[in-house]
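The values are calculated or read from the model by the stated rules, or taken from the named source; none is laboratory data. Given the structure is predicted, the values throughout are model-derived calculations rather than measurements. Note: ideal-geometry Cβ built from the backbone for every residue, glycine included; neighbour counts use all protein chains shown. Calculation scope for accessible area: heavy atoms of the full protein, side chains included, ligands and nucleic acids excluded. Shrake-Rupley method; radii C 1.70, N 1.55, O 1.52, S 1.80 Å.
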Amino acid sequence: MKKVSLGMCLFCMALLICGCSSTFETKESAVYVKDNGHVIEANVETFSKDYYSEKELKKFVEDSIDAYTKEHGSKSLALEELKVEGKKATMFLSYESGEDFKEFHGEDFFAGTMAEAMGKGYALDDSFYKVTGKKIGKAVRSEELENDLQVVIMKERMGVQVSGTICYVSDNVKVVNNHTVTPVRDSKNQIIENYGDEYIVVIYK
């Protein structure tokens, strides 16, 4: 059964959503990969008009989640928070695994070790850039990296937060701090969708 991601459905409704929590705070669309493998998703969008109904939106989201969990298990996906305030909608989703995020969105996503990623067919044959603090340094070939390093690989242009310390990144992100990156943006602060590598890659320990 082909999965239609919530993001795609909301796009069709002209709605993108966001979320935050005491452990994951963001002002933009982003994912947080926890050390237990769980993935938390947040999205944010401000609308030009304030006529969106929180009740109707919540029902739509819950129906989408129910359809997914009936096939993948009750713990695979949960709605943690959703609200509409004026011209802004917010949402907070929790996935049991990176595979659930991938299936629900219908977009490529991986979270695990470098060795596991290569075992699943990810080539990881590009150069990645060493991170020191907020600075991106010299390029390093993937074969020079340790196999036990953790990696997040995703197709969607979103921010990424990890539970560890970021060591290397792809060329399409900006480092916010030692555990967070954001997609490269233009002079108007808009995400550049086709900038650099096809995938966002964050390698950490």
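Observations on the model:
- Residue check for Glu41: at pLDDT 80 or above, part of a loop (DSSP other than H, G, I, E, B) and open to solvent by less than 70 Å² (accessible area, probe 1.4 Å): no
- Residue list for region 44-70, restricted to those being of a type in the set (A, V, I, L, M, F, W, C) and at pLDDT 90 or above: Ile65, Ala67
- Exactly one residue among Val169, Val152, Val176 is open to solvent by 20 Å² or more (accessible area, probe 1.4 Å) and among the β-branched types (Val, Ile, Thr), and that residue is Val176.
Residue-by-condition table, conditions (1) surrounded by 19 or more Cβ atoms within 10 Å (Cβ to Cβ); (2) closer than 19 Å to Glu45 by Cβ:
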site	(1), (2)
Asp63	no, no
Ala67	no, no
Glu80	no, yes
Lys88	no, yes
Phe92	yes, yes
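- The set of residues in region 179-202 that are of a type in the set (Asp, Glu) and open to solvent by 60 Å² or more (accessible area, probe 1.4 Å) comprises Asp186, Glu193, Glu198.
- Region 130-158 residues that are farther than 18 Å from Asn178 by Cα, paired with ones that are in a helix (DSSP H, G or I) and of a type in the set (Phe, Trp, Tyr) (beta carbon under 9 Å, 6 or more apart): Met154/Phe101
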